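Structure, as structure tokens:
Coordinate-derived values only; no laboratory data. In this text the structure is predicted, and so the values were computed from the model without any measurement. So basically every Cβ, Gly included, is an ideal-geometry build from the backbone, and we count neighbours across all protein chains shown.
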Amino acid sequence: MRGGIFDRTQLQQSGKVISFHDTDYYRLDDVYIDGFPGFREMAIFVIRDQYDFDPGTPWQLELLVRRQIGALDSVFTSFYGDYLTPEQYLLRPEPVAPVAEAEPEALWVSIWREKAFQIGVLSVALLALFIIIFIQDVLVRYPRLMHGLRHGYLVFTVVFIGWYALGQLSVVNVFTFVHAFQGISSGICSYWIRCCSFSGVSWP
């Protein structure tokens, strides 16, 4: 032992070298167990947590032996012994079945979910507009009611659709709108219709 390190005895596991210091060595001389081997010298070497030693993984004991071949010359040889802890001394955790990861949600789907309230209000407003257009022949008989509905809808369009929801009104081909959701169209137009959910609903 040199400088407090056992330089002739060490362990190897998974490419790591585990060395022992004098503080890791405990001499045994008072073991009284039936069937215990009667060695002349016995000791315990403590493996510290910093080495991440796994007792369930094979490891090697390396012993460095010095042989004197002359008055001043000597040869050092390393001997290795493979070892695997018997299974009856190991407590292995139950294997955990891997959890399948869900596929990431498309960006445009999450945007539409976040704007569910605005889309719901706009859908109701578009339905009301459809009914008004369908029965406009009846409403024209009541000019004051017709003007009130018209002005109210214009205010709703400017305040809610324009200022609150930041929607953009436009007129597009219905087939372009449908193809965007079917993946037929490509380019910036298709991406914009999918991601700008509020404007996408108000376009048709």
Arg92 and Thr57 label points (each 7 Å along its Cα→Cβ direction) are spaced in nm at 1.5 nm
Separation between Cα centres of segment 123-164 and segment 60-77, rounded to whole Å = 101 Å
What nm distance separates the two modelled labels at Phe6 and Leu72, each placed 7 Å from Cα along Cα→Cβ?
-> 3.3 nm
For segment 1-96, the charge dipole (Cβ of Lys, Arg +1; Cβ of Asp, Glu -1; about the Cα centre) points to a positive end, and the Cα of Pro95, Val75, Ala43 closest to that extreme belongs to Val75
